[in-house]
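Engineer: Provided herewith is a single structure, encoded as structure tokens, for subsequent inquiry.
The values are calculated or read from the model by the stated rules, or taken from the named source; none is laboratory data. Predicted model only: the values in this text are computed from it and were never measured. Backbone-built Cβ (ideal geometry, glycine too); neighbour counts: all protein chains shown.
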Amino acid sequence: MPEARDATPYDALLLLSFGGPEGPDDVVPFLENVTRGRGIPTERLKEVGSHYFLFGGVSPINAQNRALLQALREDFADHGLDLPVYWGNRNWAPYLTDTLREMTADGRRRVLVLTTSAYASYSGCRQYRENLAESLAALEAEGLVPPRIDKLRHYFNHEGFVEPMTEGVLASLADLPDEVRDGAHIAFTTHSIPTAAADTSGPAEDHGDGGAYVRQHLEVARLIADAVTARTGVEHPWQLVYQSRSGAPHIPWLEPDICDHLEERRAAGVPAVVMAPIGFVSDHMEVLYDLDTEATARAAELGLPVRRSATVGADPRFAAAVRDLVVERAAVERGLTVTPCALGALGPSHNVCPAGCCPARNPRPAAAGADSPYA
């Protein structure tokens, strides 16, 4: 990377996330936002929202995004990167359209977007791009001239994303009782998605069995497992497993589920398991409930010792990785040659999502890609 920490031609970074309720009265309206257009009755949404009510109706994701926002601003200031950072959500305040309206009023003309999803998939990338296109169209309908939007590349194999998770696995292993530590297995977890969506994730050339979504997760799991072996001298068996499935039961989703996996490991005589949520940037509801509550309770029933390792959250190394990605993309836009940071065999992801990347069942306009109507 160039020594100069220059963000030109960009004049702002937008942290774009999912959003979550911040009180009991927010839960159903939030879920209505998430499921809009699917015709799900309110009573069913209340059932779905029961996980949130266990935590006082508050999702931790907004507080975690505030922490990341602060970490990014501090890192940029400490390293001389003059770039304001804004925050917008898909499904709850601060809403994406409101944030883009604010950025437009502030005179921002070239904006980079960081999404809180590290991997290629429809829900983790293309859907965010569709939301961006919807918000840009809304601003144009108001007579505004919105900024040009570009999206930072997928960062699943950036050192600043992988290293904090590696240390989290090491800490979880160290926390296990001595007699089970060396025999512990590692269950690398991520959000299950329909197999059809997985198979078409990433650019067209990556489509196939599991697509880029599974391939990228397997690469991160291997990187962490290899690093753990190098630092401990112990080779821990591992597997990529899934969690947080939703949707109709007749539609195939990625498997095995984490709870099923724990049962299988116990039946096979495994003495302990470390659950490593590599598919998630922060400890939001899918981590707190599906792993810390549901999966941990199932492990207790089985008499299986488990630990759950940390996500990257607002780790300073992740903030530094975002700075690196910003400077890298800005240099590319200025026509400079750069050497992107990318661990492992897959190399750096694309800067611009190509046409046909992570397609939707019902195509909609998507910003920040080769097929964007907002050049």
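Engineer: In the stretch 288-311, is there at least one residue being under 29 Å from residue 149 (Cα atoms) and surrounded by 17 or more Cβ atoms within 10 Å (Cβ to Cβ)?
Structural biologist: yes
Engineer: How many of the residues in the stretch 180-213 are part of a loop (DSSP other than H, G, I, E, B) and of a type in the set (S, T, N, Q)?
Structural biologist: Summing the residues that are part of a loop (DSSP other than H, G, I, E, B) and of a type in the set (S, T, N, Q) in the stretch 180-213 gives 3.
Engineer: I need a count of the residues in the stretch 33-88 that are small (Gly, Ala, Ser) and assigned to a strand (DSSP E or B).
Structural biologist: Of the residues in that region, 1 qualify.
Engineer: Would you call residue 128 modelled with pLDDT of 95 or more, crowded, with 19+ Cβ neighbours inside 10 Å and in a helix (DSSP H, G or I)?
Structural biologist: Taking the combined requirement at face value, the residue satisfies it.
Engineer: Another question about this same structure. Please find, among 244, 282, the residue that is in contact with a strand residue (DSSP E or B) (Cβ under 8 Å, 6 or more places away or on another chain), under 24 Å from residue 65 (Cβ atoms) and either in contact (Cβ under 8 Å) with a residue 12 or more places away in the chain or surrounded by fewer than 17 Cβ atoms within 10 Å (Cβ to Cβ) (or both).
Structural biologist: 244
Engineer: Is it the case that residue 226 is among the acidic types (Asp, Glu) and under 30 Å from residue 39 (Cβ atoms)?
Structural biologist: no
Engineer: What are the residues in the stretch 32-51 that are touching a residue at least 12 places away in the same chain (Cβ under 8 Å) and of a type in the set (Asp, Glu), if any?
Structural biologist: Listed by number, the list holds a single entry, 32.
Engineer: A further question on this structure: With the condition being over 20 Å from the mean Cα position of the chain (by Cα) and over 30 Å from residue 79 (Cα atoms), I'd like the helices (runs of 4 or more DSSP H) fully within the stretch 220-323 carrying at least 3 qualifying residues.
Structural biologist: In the stretch 220-323, the matching helices (runs of 4 or more DSSP H) lie at 258-267, 296-302.
Engineer: Go through (1) over 18 Å from the mean Cα position of the chain (by Cα); (2) within 30 Å of residue 209 (Cα to Cα) for residue 129 and report which single condition fails.
Structural biologist: (1)
Engineer: Can you tell which of 152, 114, 100 is touching a residue at least 24 places away in the same chain (Cβ under 8 Å) and in contact with a Pro (Cβ under 8 Å, 6 or more places away or on another chain)?
Structural biologist: From the options 152, 114, 100, the qualifying one is 100.
Engineer: Could you grab me the full set of residues in the stretch 132-157 that are surrounded by 15 or more Cβ atoms within 10 Å (Cβ to Cβ) and in a loop (DSSP other than H, G, I, E, B)?
Structural biologist: Residues satisfying the conditions are 146, 147, 152, 153, 154, 155, 156, 157.
Engineer: Please determine whether any residue of the stretch 70-77 is modelled with pLDDT of 95 or more, in contact with a strand residue (DSSP E or B) (Cβ under 6 Å, 6 or more places away or on another chain), of a type in the set (Lys, Arg) and over 26 Å from residue 279 (Cα atoms).
Structural biologist: No; the residues of the stretch 70-77 include none that is modelled with pLDDT of 95 or more, in contact with a strand residue (DSSP E or B) (Cβ under 6 Å, 6 or more places away or on another chain), of a type in the set (Lys, Arg) and over 26 Å from residue 279 (Cα atoms).
Engineer: A follow-up question, please. Within the stretch 13-39, how many residues are surrounded by 12 or more Cβ atoms within 10 Å (Cβ to Cβ) and within 14 Å of residue 91 (Cβ to Cβ)?
Structural biologist: 17
Engineer: Scan the stretch 50-94 for residues that are surrounded by fewer than 20 Cβ atoms within 10 Å (Cβ to Cβ), of a type in the set (D, E, K, R) and either more than 22 Å from residue 10 (Cβ to Cβ) or within 18 Å of the chain's Cα centre (by Cα) (or both) and jot them down.
Structural biologist: If the condition is that a residue be surrounded by fewer than 20 Cβ atoms within 10 Å (Cβ to Cβ), of a type in the set (D, E, K, R) and either more than 22 Å from residue 10 (Cβ to Cβ) or within 18 Å of the chain's Cα centre (by Cα) (or both), then 66 is the only one that fits.
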